[in-house]
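The values are calculated or read from the model by the stated rules, or taken from the named source; none is laboratory data. Since this is a predicted model, take the numbers as computed values, not measurements. Here the Cβ positions follow ideal geometry from the backbone for every residue, glycine too, while neighbour counts run over all protein chains shown.
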Amino acid sequence: MEVDVTFRLEEVHFAPPDLVTEIIQNIRTIFTTPKYSVPLDRLFGVDARVVDYPTPRAMAALTADIVEAIHKYEPRCRVVRVDFEGDVDGILRPKVRVKIHEE
């Protein structure tokens with residue numbers, strides 16, 4: 001099964017109703033956590049320094065970080081594609097398509 005995950009803050013489910021909801025929530029947690037901010041796992045999340053990069057470089061760096069972090073921290077899925085939604089203010093929002101491994 002393939003699903004799209006976007007950079008949106010949503011309600012946290014402490015007991016997700018199903019596997020897909022749990023995986024999507026985990027991926028969003030990865031998106032919204034800056035690297036070096038988690039005390040016992042400094043490499044969790046994505047590098048927040050990309051906000052100062054030119055847009056093409058930021059997209060490349062975020063793509064690499066997202067793919068690597070999802071591979072490491074959410075092994076129940078794999079990244080199929082990373083796209084970005086942007087606006088005139090230069091705000092990038094990643095949109096990640098993942099394939100969930102059905103067990």
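For the reader, a short list of remarks on this structure follows.
- Sole residue being over 13 Å from the mean Cα position of the chain (by Cα), modelled with pLDDT under 90 and surrounded by fewer than 12 Cβ atoms within 10 Å (Cβ to Cβ), chosen from P54, P39: P54
- Residues of the stretch 1-23 satisfying the condition of being among the hydrophobic types (A, V, I, L, M, F, W, C), part of a loop (DSSP other than H, G, I, E, B) and more than 16 Å from the chain's Cα centre (by Cα): M1, F14, A15
- Considering each residue of the stretch 74-86 in turn, at least one proves to be more than 18 Å from T6 (Cβ to Cβ), under 14 Å from the mean Cα position of the chain (by Cα) and loosely packed, with under 12 Cβ neighbours inside 10 Å.
- In summary, N26 fulfils each of the numbered conditions (1) in a helix (DSSP H, G or I); (2) out of contact with any helix residue (DSSP H, G or I) (no Cβ under 9 Å at 6 or more places or on another chain); (3) free of Cβ contacts under 8 Å to residues at least 60 places away in the same chain with the single exception of condition (2).
- Filter result for R49 (of a type in the set (K, R) and over 22 Å from V12 (Cβ atoms)): yes
Every residue, every condition in (1) farther than 17 Å from P34 by Cβ; (2) in a helix (DSSP H, G or I); (3) in contact with a strand residue (DSSP E or B) (Cβ under 8 Å, 6 or more places away or on another chain); (4) of a type outside the set (K, R), yes or no:
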| site | (1), (2), (3), (4) |
| --- | --- |
| V51 | no, yes, no, yes |
| M59 | yes, yes, yes, yes |
| D65 | no, yes, yes, yes |
| E68 | no, yes, no, yes |
| K72 | no, yes, no, no |
| V80 | yes, no, yes, yes |
| P94 | no, no, yes, yes |
